[in-house]
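The values are calculated or read from the model by the stated rules, or taken from the named source; none is laboratory data. Keep in mind that this is a model prediction, so the values were computed, not measured. Methodologically, a virtual Cβ is constructed for each residue, glycine included, from the backbone with ideal geometry; neighbour enumeration extends over all protein chains shown.
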């Protein structure tokens, strides 16, 4: 499942299984390209992971809490614990591999 969330929604859902948090900005070119990749990853991974998009500019508290300094930043959480982190535009095979290693 792929959805844009607020800080509150993220906090309620982040500790439930495998979550890929995408910290993005609406003005970021690579973020826009990554959105297409994440749609494909979502289709490929099905119920294994919940992909949550977090607007960098609207969720400063989460950005600080997770130490995100740039975008796009992807953080893979398992039951609320950070497992992996990637920064910049990523390719579908690398993301699928990362998810499957933790699933």
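The residue pairs whose first member lies in the range 49-67 and is without any contact (Cβ under 8 Å) to a residue 40 or more places away in the chain, whose second member is crowded, with 19+ Cβ neighbours inside 10 Å and part of a loop (DSSP other than H, G, I, E, B), and whose beta carbons are closer than 8 Å, counting only pairs six or more residues apart or on different chains, are 56/68; 56/71.
Suppose the filter is in a helix (DSSP H, G or I) and in contact with a strand residue (DSSP E or B) (Cβ under 6 Å, 6 or more places away or on another chain); does residue 47 pass it?
Values: in a helix (DSSP H, G or I): yes; in contact with a strand residue (DSSP E or B) (Cβ under 6 Å, 6 or more places away or on another chain): no.
Spelling it out, it is not the case that residue 47 is in a helix (DSSP H, G or I) and in contact with a strand residue (DSSP E or B) (Cβ under 6 Å, 6 or more places away or on another chain).
Restricting attention to the range 19-51, and to residues there that are over 13 Å from residue 95 (Cα atoms) and in contact with a helix residue (DSSP H, G or I) (Cβ under 6 Å, 6 or more places away or on another chain), which single residue is surrounded by the most Cβ atoms within 10 Å (Cβ to Cβ)? The qualifying residue surrounded by the most Cβ atoms within 10 Å (Cβ to Cβ) is 24. Of the residues screened, residue 63 is one that is outside any strand (DSSP E or B), modelled with pLDDT of 95 or more and more than 22 Å from residue 102 (Cβ to Cβ).
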